[in-house]
Amino acid sequence: MTTMQEGLEKAAAHFSKKKVLVTGGLGFIAGHLVDRLTEWGAEVTLLDARPEYDGDLEYIHGDVRDYDLMSGAVKGKDVVFHFASILGVEKIQLIPLDVMDVNLGGTVNALKACVEHGVGRIILTSSSEIYGEPRVIPTPEDTLPSPVSIYGVSKLAAEAYCQAYSQQHGLQYTAVRFFNVYGEGQAEEFVISKFLARVANDEPPIIFGTGEQVRTYTYVSDAIDCTLLAAASDKGINEVFNIGGAETISLIELARLIGEISGKPMEPEFREFGDAGVREKGREVFARIPSVAKARAVLGYRSRVGLRQGLTRTYHWYLKNS
């Protein structure tokens, strides 16, 4: 069986000199992927809605809902990594129709453009949100989806369109379902980044509810490893993979661990659901824990960065950049 390191070496050789488009390329996870691809020698083009970019790569500013723009960006590429989407709990609640329009409509445009220009493969970034409150824990990929958020619905629909385009047009795809990715550079819209930013400013983390909610957190380099293993492998063609870390923890335990790592032990501040635009208690998923058995068996994936190590790295990044 191929080891993970051997798989990554093959992936590096696979993507060397490949022409790659990354939509949403200025985002958090996408940015780490772009760094890895350029390190491996890929010719990377970024497409993003943000008006400013100060890097050295080819950059296309625009909206994935613009098909002509998307078609032009996809033309001549070997692979498309489709990250572009609207995310963030508070933001999604304010503009639900835009979420569907960008996350689903943008995906359909990417698929159409790939078919039009004969692109070999598209990698769709999906989400653990598609499972809703899982029926099975740890949750395997074949669990019946039941999303409870507009974001989860949009990602599930995007996966369905990938499958349809594969069946109708022969387009090869791979979908990866991220579970709570964190790391350096993440915006302060997500649990770990919020906790770390507050602790860095000598403020207690804020927890909504009891803090007993359980999550598996994935350090960003692990997420990139598994994404690239899946994208480079023939065994990943027309397949869906969960991408998760190796450790599971409750929110209250997470807050206390961050206090320990930072040397600023403090009890979190508890608030009720519904405050500050946070989803209602009935919509909060209690446990989100992936089974990564498929990625392990098919791709040789192993999480290489433990939670304490990843949090420590990320905390020091926040200290330098806050």
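Between 0 and 90 degrees, the angle of helix 4-15 with respect to the longest Cα principal axis of the chain falls at about 40 degrees.
For the chain, modelled as a GNM whose springs connect Cα atoms under 10 angstrom apart, the maximal fluctuation among Thr210, Thr45, Thr139 occurs at Thr210. Look at Met70, Met100 and count the other Cβ atoms within 10 Å of each Cβ; fewest to most, that gives Met100, Met70.
Evaluate the chain: find the radius of gyration of its Cα atoms, find its Kirkwood radius, and give the ratio Rg to Rh.
For the chain, the value is 0.95.
Pairwise Cα distances in region 42-87 exceed 16 Å for 37 percent of all pairs. You can think of it this way: the chain between Tyr59 and Lys264 has 69.7 nm of extra reach, that is 0.36 nm per residue less the Cα-Cα gap. Distances between placed amide hydrogens fall under 5 Å for Tyr217 paired with Gly245, Glu247, Ile249, all partners being 5 or more residues away or on another chain.
Both radii come from the Cα set of region 102-188: Rg as radius of gyration, Rh as Kirkwood radius; their ratio Rg/Rh reads 1.01. The charge dipole of the chain, taken about the Cα centre with unit charges on the Cβ atoms of Lys, Arg (+1) and Asp, Glu (-1), comes to about 740 debye, rounded to the nearest 20.
Note on Glu6, Glu43, Glu133: ascending count of other Cβ atoms within 10 Å places them as Glu6, Glu133, Glu43, the fewest first. Helix 28-39 and the long axis of the chain differ in direction by around 50°, with both axes built from C-alpha atoms. Taking every DSSP beta bridge that has both ends in the chain, the antiparallel portion is near 10%. Between Glu39 and Glu189, the modelled label-to-label distance comes to 2.6 nm, taking each label 7 Å out from Cα in the direction of the beta carbon. Among Lys294, Lys17, Lys235, sorting on how many other beta-carbon atoms sit within 10 Å of each Cβ, with the fewest leading, yields Lys17, Lys235, Lys294. The shape of region 57-145 can be summarised by an equivalent ellipsoid whose semi-axes, obtained from the alpha carbon gyration tensor, come to 27, 18, 10 Å from longest to shortest.
Helix-only arithmetic for the chain: the sum of -39500 (n - 2.57) across DSSP H runs with n ≥ 4, divided by the residue total, places the mean residue ellipticity at 222 nm at -12500 deg cm²/dmol. What angle, in degrees between 0 and 90 and rounded to the nearest 10, separates the Cα long axis of helix 106-117 from the longest principal axis of the Cα atoms of the chain? That works out to roughly 20 degrees. For region 1-77, the Cβ-based charge dipole about the Cα centre amounts to some 360 debye (Lys, Arg positive; Asp, Glu negative; other atoms uncharged).
In this label model, Asn321 and Ser16 are separated by 3.0 nm, measuring between points 7 Å along each Cα→Cβ vector.
Can you give the relative contact order of the chain as a percent, counting alpha carbon pairs under 8 Å and 6+ residues apart? Value for the chain: 18 percent. With the convex hull drawn over the C-alpha atoms of region 2-125, the volume per residue is 115 Å³.
Would you mind working out the magnitude of the charge dipole of region 62-207 relative to its Cα centre, with +1 at each Lys and Arg C-beta and -1 at each Asp and Glu C-beta, to the nearest 20 Debye?
Dipole about the Cα centre, nearest 20: 360 debye.
The modelled label-to-label distance between Val214 and Asp68, using points 7 Å beyond Cα along the C-beta direction, is 5.3 nm.
For region 1-117, averaging the sequence separation of C-alpha pairs within contact (under 8 Å, six or more residues apart) and dividing by the residue count gives a relative contact order of 26 percent.
Where a number appears in this text, it was derived from the coordinates with a stated rule and is not lab data. Everything numeric in this text was worked out from a predicted model, so none of it was measured. All Cβ positions, even for glycine, are placed from backbone atoms using ideal geometry, and neighbour counts span all protein chains on display.
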